[in-house]
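What follows is a short report on a single structure.
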Number of protein chains: 2
Amino acid sequence: QQIWKYQHNDHGSIFADLSEDEYQKVRDYMWAQKSLGISRSATAKPTENFIFLIDLVLPKKADALRYLDENVSKPAREASVVVFYGSNGYLKEYVVGPLGGVLTHRDVTKEKYNLAEFKITARPVTIGEYMQLFEFIYRQVFAPLEGILKESFDYSAEKALSLFEGMPRGVNSGDRETWMSFFRDMSGMYIHPVGFEVLINHQSVNSSQWSLQKLLYNGQYFDTIEELKNSYKNDNVTKIVYKKIPNYASLKPRSKPIGIGPQQYYPQGKRFSVKDNQVMYMDWAFAFGLSSLTGMRVFDIKFRGERIAYELSVQEAMSVYGSVTPGMMLTKFLDSSIGIGRFAHELVRGVDCPYGATYVDTYRYIDTNHTQRFRNSICVFEHDIGRPLRRHFSDFFHNKYGGLANSALVIRTITAIGNYDYMWDFIFYQSGSVEARVHATGYISSSYKIDGSLRFGHQVAENTLGNIHTHFINFKVDLDILGVKNVFQTKDMTYEEVELPWKPERKAKVPRLVENQLSTEQEAALRYGQPMPRYLHVASDRTNRWGHQRSYRIQVVSFAGEHLPESEPEERSMSWARYKVAITKHKDEEQTSSSLYSQNDIWSPAVDFSKFIADNESIVNEDLVAWVTAGFLHIPHAEDIPNTVSVGNGGGVILRPHNYFDEDPSIHSPDGVYFEPG
Amino acid sequence: QQIWKYQHNDHGSIFADLSEDEYQKVRDYMWAQKSLGISRSATAKPTENFIFLIDLVLPKKADALRYLDENVSKPAREASVVVFYGSNGYLKEYVVGPLGGVLTHRDVTKEKYNLAEFKITARPVTIGEYMQLFEFIYRQVFAPLEGILKESFDYSAEKALSLFEGMPRGVNSGDRETWMSFFRDMSGMYIHPVGFEVLINHQSVNSSQWSLQKLLYNGQYFDTIEELKNSYKNDNVTKIVYKKIPNYASLKPRSKPIGIGPQQYYPQGKRFSVKDNQVMYMDWAFAFGLSSLTGMRVFDIKFRGERIAYELSVQEAMSVYGSVTPGMMLTKFLDSSIGIGRFAHELVRGVDCPYGATYVDTYRYIDTNHTQRFRNSICVFEHDIGRPLRRHFSDFFHNKYGGLANSALVIRTITAIGNYDYMWDFIFYQSGSVEARVHATGYISSSYKIDGSLRFGHQVAENTLGNIHTHFINFKVDLDILGVKNVFQTKDMTYEEVELPWKPERKAKVPRLVENQLSTEQEAALRYGQPMPRYLHVASDRTNRWGHQRSYRIQVVSFAGEHLPESEPEERSMSWARYKVAITKHKDEEQTSSSLYSQNDIWSPAVDFSKFIADNESIVNEDLVAWVTAGFLHIPHAEDIPNTVSVGNGGGVILRPHNYFDEDPSIHSPDGVYFEPG
Ligand SMILES: [Ca+2]
Ligand SMILES: [Ca+2]
Ligand SMILES: [Ca+2]
Ligand SMILES: [Ca+2]
Ligand SMILES: [Cu+2]
Ligand SMILES: [Cu+2]
């Protein structure tokens, strides 16, 4: 039944995530370095040394291209290892390799970040630290307040409160103090805030030095447990009285199933092939991977044997919240610091992807002591988009019909980062276009509604404010148009007044094409709030049959606005969001626009994207990378309960051939339909 | 197998297009009015009196609502009849009715347009006039130039040239002179320009008074046939030498089929019902129609029995072209003057719509002398969008999964207006959202490439320039949120500096909700080029369970820019395109934003949308209508050959509940999926 014959090759392997075995060998090697003193516990304490992350080191692009294009000198595979040195008070990154050979390790912190080491406070909170935090909260908050919590929130040792953290953790570099908001311990807790928040200073790696800084009860601040207790006893605080309510956050269907909806059906079987991490589909071939930190990425995207893009990848998912309550007041999530790919779990057949999709397992090593397998966490399927890719019916003169259904290949993962679920799609069309798309769903974040809350959102449930926030997504788009030496062009329309040649006394304003080639990184950093040419192109100096520079157009689909005033000290960690599109000269050292450390040391960013363009390099005949920002404003409303729906809540970028070919390549599709009167 | 039981009612009938029989009765009645002297020929000459159009008169809204909401006094059906009085030199519109009763007619030109009659030159070109134009061209152009045309273009009487018209037809009101560009007479002729254009004055209804004004041969202008002949003979013009080329415009597939792509499959049969012009789908019910002029429209859109919108309809499709050659230099197409719905032809199963869709015939009477049936010209189907409508997987704490596949109902027509095919979709989602979407495909318009052409586009084929142009689409969105008395609100985010309550020495900029209610039509006319709040709402003063005004949000998806400088005399006929969104107080007299006469008397528009808001009426607690403009700039490129693809070439509007409900209605979908660890 398989009628599509694809010849896979080994090219994808250089981009493949580490295997189960590779993770383990690297871990064992690091563990064996006695001088590093690394704990083997999955829940090492902050005072201990701990391997937080093992992940693939992407090959240097020049090395990769030599292998891909000349089939020689396959780059050695290497692993990146992030170690938290609790005992020394710093963090370091190593490269360990060659995988499959005799391993050695090398501290790359200095060469990657121009720092001898990271402050220990720059690290994400590990499961080990959370365990101590939970214990701290139990001992220092829940236990002494048991009576109040019972009355207010029906708290008991068996029915504790769940928590949700605000980020960043403080207001200055080196801070590690976190507002924890409490929620009813039930399914969908994110929208069951109880009106109680505490500020915990956990700056020290030694939890015995942690302290409770502040408490917020029903909108009122207290410095100490005692202060709250006294106010409560003396009725100097408005008491919250527990009320049992049905769980409006439940995702249980309220109606019985009465019939299955439309399904994708593949009468001829799968028309694509997935082998290891390489996908082939009609004229397309590419490799894929899932970074624990940044998430989905595809490499070496070829259409009809020609590389269109070297890399197309998610870089960051950022949200800025507003609130009158402290837990969400300063919150700016930078998900890649928590790990976007980290939360790619099993996809549900028939909902997350079609039943007939190909499902791929992924393996990760992050905040653990062993390789974790995530079954069926990527899916690949062909989809009937449901609208013709092209069609024309000729009414006049030569009656005929020609058309092509829009069957496209989708590769998807869905990452459930706490409350939110992002659905990440890369879509490959028969017309030579590729689309990167993200949609948001899952639970919104919420706060207990108090006086003043409504300036920061709408009430969406019992006592619950859905906080206003943004979604900003950054994509890296490394197009390579007929090689790596490209230029960046813009095209738009303007009105020009002309005399009518056949009626010179008469003038008219006529639309005219305006083309520009931008020369430097700063010219090509297209800020939000400034007019942007409608067409953006990465072009080769080689021309198509009609004499035009072969190019791909970058079409951004976004509803985003201002990300954060640049005056804010947290802004530099998200400076990529200043630009709808920014073009840089490719550098292996500028692999990502964000970093693992951006969330927790947001004030002195390990990666400040704006520095990529600060040197204002030439972008003429260089290897160009486009950094694309898409997103939208989310003003939560009642219909976000229980979950945000995907319709209208998305954004992305379409890469479209524009004079790259001599004609639409889809005319060669075997799916084409044509008829004329017999 | 049918497990969905729907109870249809007669409500759709008041919006139903005229039936075969109704058209015929109205025609016969008009023909019988001897005093009107109407020709019975399908190809009446411009000197004759001719029924150009018979179409439904929409009921007055108040009358319709009385019937829909109280089930009393069903409004009488009436027909609109447009008569071209060639013998009198004007145009008139009549209302004929009541259909099914004793017909009478009433001249409504004055009451509708505040004009006793239209200038005869405001009329579209009929088939009758085209026949005379073709004859004129044959006699006055082809015959005298036969030799030149043969040498240059391989012209022969059997192998004539095809033509494509520029519009508007002149530069002043009353003009009717048309640049006709010639093309090879082959399939996909629109992209085979030969380099020959003529300007014909056909202002008079009497073709004997028509004249050839100008000729353009290979970029050179001539006043007369003789002048061109002499220049040609004396080699004072650069001759075009005919070259046979393969037909790159052919839509014939270049590859053999080798396997069918994914198909929609309905394991339980259709889950929706279409009866006459009423559709029911899960919680949705609506009526639909297809106006010969403006195209697709839906009415009385109800979700769970509550009317969300009274009307959602296409109003106009406009394109402005640029060129160095005269045929396209001034061209501004206003498709509703030609007839958008008019060109809704049979949809092709498996390409235009799924095989299993429900197909509906439509009937029209336009530029003919009999009712025409267009088989299967509307399709209705449920579609698996291929991405969850919502889902959440809980990693932490309460492990569980809840989700819902995005199965939505699509109603579609495709209109092939000459070269271009617009695909019109209205999509109904289970979350209570409705989307109106248009995508463009088909052939671009083109010109023969001469010196200076490249300032107006790219070469896309042999000697062929794809002319730069815009696509602007206007939608009418008459939301009725819990009745017709609504307000228009905007919501957005701004940064506000606050002191941190727990650290008053520290300030931070925090996102805050900004809400506004706009009071007048001019405040709510949101122009292109001005900042637009990200959220636009039509709201009731009634509140949902959480105290927020129940509303629907209008989310525009558009890549459009400036439509035309307002200084241009043609601009008032497309003044709707000034605004991304404009809100007006509903009036039955302001049924459409464009008109049948806008194209051919573009300089003194029968409908100037900007006048709807010139009186700056209050929009507080009024029946509001939103007029939404979507579109994109099209810089044609080689991949537009042979046809433009739909990916990225679209726009539309999503209507989304925003505090309309108390929670997401899709939680009640019978398609919901939920599981937790057993
Ligand atoms: Ca640089
Ligand atoms: Ca590049
Ligand atoms: Ca008005
Ligand atoms: Ca209304
Ligand atoms: Cu959100
Ligand atoms: Cu176009």
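Some observations on this one:
- As a proxy for reagent exposure, A:Met296, A:Met180 were ordered by neighbouring Cβ count within 10 angstrom, fewest first; the result is A:Met180, A:Met296.
- Ascending count of other beta-carbon atoms within 10 Å, so fewest first, for A:Ser273, B:Ser445: A:Ser273, B:Ser445
- Here the dipole of chain A is about 1060 debye; that uses its Cα centre as origin and unit charges on the Cβ of Lys and Arg (positive) and Asp and Glu (negative).
- Qualifying GluC sites (Glu not before Pro) in region B:525-572, where qualification requires a DSSP coil assignment and no more than 12 other C-beta atoms within 10 Å, comprise B:Glu566.
- Prolate/oblate/rounded call for region B:113-264, Cα gyration tensor, a/c under 1.5 rounded: oblate
- Annotation for region B:273-333: trypsin sites (Lys or Arg not before Pro) lying in DSSP loop with at most 13 further Cβ atoms inside 10 Å of their Cβ are B:Arg304.
- Shape call, chain A: gyration tensor on alpha carbons, a/c limit 1.5: prolate
- Mean separation of Cα contacts under 8 Å (6+ apart) over length of chain A, as relative contact order %: 13 percent
- Charge dipole (debye, nearest 20) of the protein assembly as shown; +1 at Cβ of Lys and Arg, -1 at Cβ of Asp and Glu: 1680 debye
- Footprinting exposure proxy for A:Phe661, A:Phe142 (fewest neighbouring C-beta atoms within 10 Å first): A:Phe142, A:Phe661
- For region B:224-261 versus region B:593-636, the gap between their alpha-carbon centres in whole angstrom: 40 Å
- Computed from point charges on the beta carbon alone (+1 for Lys and Arg, -1 for Asp and Glu), the dipole magnitude for region B:345-431 about its Cα centre is near 260 Debye.
- GluC sites (Glu not before Pro) restricted to DSSP loop in region A:106-185 with at most 12 other C-beta within 10 Å: A:Glu158
- Region A:180-295, relative contact order in percent, only Cα pairs under 8 angstrom and at least six apart counted: 14 percent
- R0 of 60 Å, Cβ-Cβ distance B:His668-A:Asn236: FRET efficiency to nearest 0.05: 0.85
- Residue-averaged [θ]222 nm for chain A, counting only DSSP H segments that reach four residues, each worth -39500 (n - 2.57): -2500 deg cm²/dmol
- Region B:356-444: relative contact order as a whole-number percent, Cα under 8 Å and 6+ apart: 20 percent
- For the protein assembly as shown, with +1 on Lys and Arg beta carbons and -1 on Asp and Glu, the positive-most of A:Leu655, B:Phe196, A:Pro642 along the dipole: A:Pro642
- Cross-link check: pairs B:Lys61/B:Lys92; B:Lys485/B:Lys585; A:Lys25/A:Lys60; B:Lys485/B:Lys580; A:Lys150/A:Lys229; B:Lys92/B:Lys611 evaluated at a Cα-Cα cut-off of 18 Å; pairs beyond the cut-off: B:Lys61/B:Lys92; A:Lys25/A:Lys60; B:Lys485/B:Lys580; B:Lys92/B:Lys611.
- Helix runs (DSSP H) in chain B reaching 30 Å along axis by Cα, Kyte-Doolittle at least 0.0: none
- Comment: the Cα-to-Cβ extended label point of A:Arg106, at 7 Å, lies 8.9 nm from its counterparts in the other copies, nearest first.
- Beta-bridge orientation, region A:326-426: approximately 95 percent antiparallel, per DSSP, counting only bridges with both partners inside.
- Dipole of region B:483-577, positive direction: furthest Cα of B:Met532, B:Tyr552, B:Phe488, with charges on the beta-carbon: B:Tyr552
- Averaged over A:414-423, number of beta-carbon atoms from partner chains that fall within 10 Å: 3
- Once you reduce region B:283-337 and region B:491-529 to the center of their Cα atoms, the two points are 35 Å from each other.
- Projecting 7 Å from Cα along the Cα-to-Cβ direction, the label point of B:Asp395 sits 5.5 nm from its equivalents in the other copies, listed shortest first.
- Per-residue average of Cβ from other chains inside 10 Å of A:464-471: 2
- Rounded, prolate or oblate (a/c below 1.5 giving rounded, otherwise prolate when a/b exceeds b/c) for region A:607-678 by Cα gyration tensor: oblate
- For region A:357-401, Kirkwood radius (reciprocal of mean inverse C-alpha pair distance, Å): 15.0 Å
- Taking the axis that rotates chain B onto chain A, the chain B residue nearest to it by Cβ, with the distance rounded to whole Å, is B:Tyr265, 2.
- Eligible lysines near A:Lys503 by straight Cα distance, threshold 20 Å, same-chain separation 8 or greater: B:Lys214, B:Lys332
- Dipole of chain B [Lys/Arg +1, Asp/Glu -1 at C-beta], most positive-end residue of B:Leu216, B:Ser575, B:Met186: B:Met186
- In sequence order, region B:361-368 has phi-based couplings of 7, 10, 10, 9, 9, 8, 6, 7 Hz under the Karplus curve 6.51 cos²θ - 1.76 cosθ + 1.60, θ = phi - 60°, and Gly or Pro positions carry x.
Taken together, the values in this text are just the output of simple stated rules run on the coordinates, not laboratory data. For clarity, every value in this text was computed on a predicted model and none was experimentally measured. We place every Cβ from the backbone using ideal geometry, glycine too, and count neighbours over all the protein chains shown.
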